[in-house]
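Trainee: Let me give you the structure first, and then I'll get to my questions.
Each reported figure results from applying straightforward, stated rules to the coordinates on display, with no laboratory input. It should be emphasised that the depicted structure is a prediction, and the values quoted were computed from it without experimental measurement. Because the Cβ atoms are built from the backbone with ideal geometry, glycine has one as well, and the counts that use them run over all protein chains shown.
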Amino acid sequence: MSAEYYLSKGYTPSTKTIVISGPNTITVWAPVSGKRVVMTGVSFSNINAGTIAFYFDHPSEIKIAEYLLAASSTIEPMIGAWESTVVGGRIFARVGASGTDGWRVNATGFELG
């Protein structure tokens, strides 16, 4: 599904911007209580070459996608929608190489409930 589908159902879009420093695992989107996340757009950039992987965290870690980027890259993959099926389940990212403020993730989507 696309963002247009969720907009047609009356959901309000949200955006998140996350900066990741160092090899780390960080929450990209944690919904408010009683909600589920659906990401309909994502872009990310890096300083150093490395990997970034996105996961759902409930009931166990489920990898959504992984990307390998050259240094000083920016990409915006067409993802359709990454929809969590678990209420309260977050979407998080892990990076394999980084530096100070090494990755910037911009996400758009909705919280369903």
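Trainee: So which residues in the stretch 73-87 are within 21 Å of ILE62 (Cβ to Cβ) and either of a type in the set (Val, Ile, Thr) or touching a strand residue (DSSP E or B) at 6+ places or on another chain (Cβ under 8 Å) (or both)? Please lay out each step first, then the result.
Mentor: As a first pass, look at the stretch 73-87 and keep what is within 21 Å of ILE62 (Cβ to Cβ): 77-87.
The answer is PRO77, ILE79, GLY80, ALA81, TRP82, GLU83, SER84, THR85, VAL86, VAL87.
Trainee: Take the residues of the stretch 90-113 that are among the small types (Gly, Ala, Ser) and in a strand (DSSP E or B): which is surrounded by the most Cβ atoms within 10 Å (Cβ to Cβ)?
Mentor: Here the answer is GLY109.
Trainee: Continuing with the same structure: Can you pull out every residue in the stretch 31-66 that is closer than 26 Å to THR12 by Cα, surrounded by 15 or more Cβ atoms within 10 Å (Cβ to Cβ), among the hydrophobic types (A, V, I, L, M, F, W, C) and touching a Gly at 6+ places or on another chain (Cβ under 9 Å)?
Mentor: The answer is VAL37, VAL38, MET39, VAL42, PHE56.
Trainee: Please go through the stretch 1-26 and pick out each residue that is of a type outside the set (Gly, Ala, Ser) and closer than 18 Å to GLY50 by Cα.
Mentor: Going residue by residue through the stretch 1-26, those that are of a type outside the set (Gly, Ala, Ser) are 1, 4-7, 9, 11-13, 15-20, 23-26.
ILE18, VAL19, ILE20, PRO23, ASN24, THR25, ILE26 - these are the residues of the stretch 1-26 that are of a type outside the set (Gly, Ala, Ser) and closer than 18 Å to GLY50 by Cα.
Trainee: Need a quick list: strands (runs of 3 or more DSSP E) entirely within the stretch 1-89 having at least 1 residues that are aliphatic (A, V, I, L, M) and in contact (Cβ under 8 Å) with a residue 60 or more places away in the chain. Talk me through it step by step, then tell me what you get.
Mentor: Numbers: elements: 14-20, 25-29, 36-46, 50-56, 62-69.
So the answer is 14-20, 25-29, 36-46.
Trainee: If you don't mind, there's one more thing I want to ask. Determine whether TYR6 is farther than 17 Å from ARG104 by Cβ and surrounded by 14 or more Cβ atoms within 10 Å (Cβ to Cβ). First the steps, then the outcome.
Mentor: Details: farther than 17 Å from ARG104 by Cβ: yes; surrounded by 14 or more Cβ atoms within 10 Å (Cβ to Cβ): yes.
For TYR6, the condition - farther than 17 Å from ARG104 by Cβ and surrounded by 14 or more Cβ atoms within 10 Å (Cβ to Cβ) - is met.
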